[in-house]
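What follows is a set of notes on a single structure, which appears directly below.
Read-outs throughout are calculated quantities, based only on the coordinates presented, and are distinct from any laboratory measurement. This structure is a prediction, so every number in the text was calculated from the model and none was measured. Virtual Cβ from ideal backbone geometry, glycine too; neighbours counted across all protein chains shown.
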């Protein structure tokens, strides 16, 4: 199959079966080893780009088609969707190529009678791409233009105001960059930069962390010699800031409560120079196994993996930790660039349920940290119910206080002990971080 055809079928699987976009693409690429590096990148862009913008794309289609999206056959609809994405967002792709491929694909699948319809809709949209009329209502405008359910926009406006919400939305439709964390136990940053550059990658320094690098033209990153030798692991800068806020020291005991896929624990190991002990836990055995493989690749010696439930208290671990990380399961609205399906699958009810789960994890885990020790709580979402409201409740009831954070970037509320990294600030994941000290 051609790249566009593969993208269409991937999109149908994700939308019809509510599958994860990253896992769907990974499965397709694993099953089709003959797909070129260039086509992998193109397919990934088509699928994820269309998902990030699907409400907007459907709005455009419905503006120019007498047959509305809810009446179209899934194959025809998704052929049109990926084609509209290319027309609206991929300027280097010729419109003629987009339309011809779409028409040929429809004919190939025996939709000869609809090929003219596909061609007409796409060429009409292409002629009018700069004259799309969007809703006048401000909430409807943002929800449509940036493809969100209205309740998300309403919540963000209530928290951040309209202008900041629009900036968040703009940032979240951009394709994410690959960010890596340098394994300083094995290599220094400048040496790694030179090595990656020689492997054909474009390498840039991070904006937040001194141990971060951004890579483009990566092809298959797992084939890199630097990757195979364990000189880095993939990790967003906002997560790296969490670890730097924790400030782990050599010979301490750290517990990472919900650790998979392990990036936070790995970075702790680098900062601790492989000394002390990091207890990394997760509830899923297959994730523990994947972490074990990465630990071996990175040459880490001070991580102990445990299959344990973060929402359960284990008496034998009471007050053994100098510091603990609770990177709680959350709705994920800070990482929709990477996982755009979140925008359409999560509900307001999910937020309430997740907030309760986060509280259960806080209640079960806090006793592991020594009195006077540090607890860092984080999520990759931007809703107060999962973030500061949980922390205020926790401090009020469980003998902890917020302590100031110093990022060096003067982020709002640092002095109060918590920060929200919005995706538009540094082009990173959206992230919430709170730093607390145990009093009693």
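Mind running the shape call on segment 65-194? Use the C-alpha gyration tensor, a ≥ b ≥ c as the square roots of the eigenvalues: rounded below 1.5 for a/c, prolate if a/b tops b/c, oblate otherwise. It comes out oblate by the Cα gyration axes. Relative to the longest principal axis of the Cα atoms of the chain, the long axis of helix 21-31 lies at roughly 80 degrees. Once the gyration tensor of the Cα atoms in segment 245-357 is diagonalised, the equivalent ellipsoid follows with semi-axes of 27, 17, 13 Å, ordered largest first. Equivalent-ellipsoid semi-axes for segment 381-440 (Cα gyration tensor, √(5λ), whole Å, largest first): 22, 14, 7.
If you line up the long axis of helix 388-398 against the longest principal axis of the chain, both from Cα atoms, how many degrees apart are they, to the nearest 10? The two axes meet at around 20 degrees. Contact order, relative form, for segment 47-183: 27 percent (alpha carbon pairs under 8 Å, 6 or more residues apart, mean separation divided by residue count). Among 148, 9, the ranking by other beta carbons within 10 Å of each residue's beta carbon, starting with the fewest, stands as 9, 148. Enclosing the Cα atoms of segment 306-391 in their convex hull gives a volume equal to 106 cubic angstrom per residue.
Given the rule -39500 (n - 2.57) for each run of at least 4 DSSP H residues, summed and divided by the residues of the chain, what is its mean residue ellipticity at 222 nm, to the nearest 500 deg cm²/dmol? Write out the running numbers ahead of the final one.
Numbers: 19 runs with 213 residues, N = 440.
Taking each H run of at least 4 residues, the total per residue is -14500 deg cm²/dmol.
Treat segment 237-438 as a sphere of radius equal to its Kirkwood radius over Cα pairs and apply Stokes-Einstein at 25 °C in a medium of 0.890 mPa s; give the translational diffusion coefficient in µm²/s, rounded to a whole number. For the chosen part, D equals 145 µm²/s. For the chain, the alpha carbon positions stretch 72, 49, 37 Å along the principal axes, listed from largest to smallest. Between residue 304 and residue 133, the distance separating the two model label sites (each 7 Å from Cα on the Cα→Cβ line) works out to 6.8 nm. Between the Cα long axis of helix 348-365 and the first principal axis of the chain there is an angle of about 20°, rounded to the nearest 10.
Calculate the all-directions average of the projected area of segment 342-419's alpha-carbon convex hull, and give it in nm². Projected area, direction-averaged: 6.1 nm².
Dividing the alpha-carbon radius of gyration of segment 205-245 by 2.2 N^0.38 Å (N being the number of residues), what value is obtained?
Values: Rg = 11.3 Å, N = 41, 2.2 N^0.38 = 9.0 Å.
Expressed relative to 2.2 N^0.38 Å, the Cα Rg reads 1.25.
The simple Förster model, with R0 at 56 Å and r as the Cβ-Cβ distance, assigns residue 416 and residue 1 a FRET efficiency of 0.55.
Spin-label model, residue 108 to residue 205: label points 7 Å out along the Cα-to-beta-carbon direction sit 4.7 nm apart.
Legend: ranking of residues 151, 156 from fewest to most surrounding C-beta atoms inside 10 Å; resulting order 151, 156. The relative contact order of segment 178-234, computed from alpha carbon pairs under 8 Å that lie at least 6 residues apart in sequence, is 47 percent. The orientation-averaged projected area of the convex hull spanned by the Cα atoms of segment 82-137 comes to 4.5 nm². Directionally averaged projected area (segment 159-253, Cα convex hull): 8.2 nm². Averaging the Cα positions of each part gives two centres, and for segment 386-404 and segment 166-199 these lie 32 Å apart. Straightening the chain between residue 66 and residue 188 buys 37.9 nm, computed as 0.36 nm per residue apart minus the Cα-Cα spacing.
For segment 203-282, what class follows from the C-alpha gyration tensor (a ≥ b ≥ c being the square roots of its eigenvalues): rounded when a/c is under 1.5, otherwise prolate if a/b is larger than b/c, else oblate? It comes out prolate by the Cα gyration axes.
Ranked by how many other Cβ atoms sit within 10 Å of their own Cβ, fewest first, the residues 25, 271, 362 fall in the order 271, 25, 362.
Dividing the alpha-carbon radius of gyration of segment 3-127 by the rule-of-thumb value 2.2 N^0.38 Å gives 1.00.
So for segment 287-340, what percent of the C-alpha to C-alpha distances run longer than 15 Å? Summing the P(r) tail past 15 Å for segment 287-340 gives 68 percent.
On the beta carbon distance between residue 349 and residue 198, with R0 = 41 Å, the FRET formula returns roughly 0.20. For segment 193-215, the residues whose backbone nitrogen is under 17 Å from a point 7 Å from the Cα of residue 409, taken along Cα to Cβ, are 204-215. What the Kirkwood sum gives for segment 273-316 is a hydrodynamic radius of 11.4 Å, with every pair of different alpha carbons counted.
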